[in-house]
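Read the structure below first, then the notes.
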Amino acid sequence: NAGVTQTPKFQVLKTGQSMTLQCAQDMNHNSMYWYRQDPGMGLRLIYYSASEGTTDKGEVPNGYNVSRLNKREFSLRLESAAPSQTSVYFCASTSGNQPQHFGDGTRLSIL
Amino acid sequence: GENVEQHPSTLSVQEGDSAVIKCTYSDSASNYFPWYKQELGKGPQLIIDIRSNVGEKKDQRIAVTLNKTAKHFSLHITETQPEDSAVYFCAASRGGSYIPTFGRGTSLIVHP
């Protein structure tokens, strides 16, 4: 009963490097989300996918791209990492007006 | 769009005391209000939720109340224990919207 699985759990990058964060859910949820969490800022939505085949920008999309690979998987890509993107990234999923299920996060440091 | 404000940002209590966290929302169409608990190094997890057709819901030591007229809802934890120490988030959403709006979180510290 895995729920939402994020990989990797930790990553250190150099400025300008690229990276893809992976997320998979096994609950047959329609909607998936990527958030970043910074101290004192709560959860800020980067991108979301309301259903398979659609993606939309959230509150802080600059510097990121996403791909909804299939119903289970939703990836987040940093094309050219910047120190301002140092954060903890959470993936979540849900269906309808129901609670979200979160992964345990990817802790990303950019030097 | 929806705006959710959460207070306090930090709450420190003694073991056995009660803790109350309050949220206000702006969109009268919001009809679903979950509360999440985030332990250190983990993602947020749902602990209790309430829909707009209900005024109060309880689950053991945890309760949530909703006042639709005033557009605020609160989380009540009784007989707090050290393991209740965590960050708590409130959220609001409505049918037809895919995006819940979160409060900024409350760091609850329960001193033994």
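Read-outs throughout are calculated quantities, based only on the coordinates presented, and are distinct from any laboratory measurement. Computed from a predicted model, the values in this text were never measured in an experiment. Every residue, glycine as well, gets a Cβ built from its backbone with ideal geometry; the counts of neighbours run over all protein chains shown.
Using bins of 10 Å that start at zero, the share of Cα-Cα pairs per bin across the protein assembly as shown amounts to 8, 33, 35, 20, 5, 0, in whole %. Averaging the Cα positions of each part gives two centres, and for region A:78-98 and region B:1-79 these lie 24 Å apart.
Here the residues A:D26, A:D104, ranked from fewest to most Cβ neighbours within 10 Å of their Cβ, fall in the order A:D26, A:D104. Per residue of peptide A:35-42, the mean number of Cβ atoms on other chains within 10 Å of the residue Cβ is 3. Applied to region A:102-109, the Karplus parametrisation 6.51 cos²θ - 1.76 cosθ + 1.60 on θ = phi - 60° returns per-residue 3J(HN,Hα) values of 9, x, 8, x, 10, 8, 10, 10 Hz, with x for Gly and Pro.
Among residues other than A:S51 with Cβ under 14 Å from its Cβ, the summed charge is 0 (Lys and Arg +1, Asp and Glu -1). The magnitude of the dipole of chain B, with charges of +1 and -1 set on the Cβ of Lys/Arg and Asp/Glu and taken from the Cα centre, is near 380 debye. For chain A, modelled as a GNM whose springs connect Cα atoms under 10 angstrom apart, the maximal fluctuation among A:M41, A:M32, A:M19 occurs at A:M41. In chain A, a dipole from Cβ-located charges (positive for Lys and Arg, negative for Asp and Glu) runs towards its positive end, and of A:I46, A:Y35, A:M19 it is A:M19 whose Cα lies farthest in that direction. This model, with +1 at the C-beta of Lys and Arg and -1 at the C-beta of Asp and Glu, gives region B:47-112 a dipole about its Cα centre of some 400 debye. Debye-formula intensities of region B:22-112, expressed as log10 I(q)/I(0) at q = 0.12, 0.24 Å⁻¹, are -0.36, -1.28 (one equal scatterer per alpha-carbon, no solvent). Averaged over peptide B:94-106, the number of partner chain Cβ atoms lying within 10 Å of each residue's Cβ comes to 4. Around B:H7, under 12 Å between beta carbons, what's the net of Lys plus Arg minus Asp minus Glu among the other residues? Net charge in that neighbourhood comes out at +1.
In the structure shown, the pairs A:K71/B:K37; A:K9/B:K37; B:K37/B:K58; A:K71/B:K57; B:K22/B:K68 are assessed against 24 Å; a Cα-Cα span above that value is assigned to A:K71/B:K37; A:K71/B:K57. Counting Cβ atoms of other protein chains within 10 Å of each Cβ in A:95-103 and taking the mean gives 6. Once backbone amide H atoms are built at 1.01 Å from N, B:I109 has B:L11, B:S12, B:V13 as its partners under 5 Å, excluding neighbours fewer than 5 places away on the same chain.
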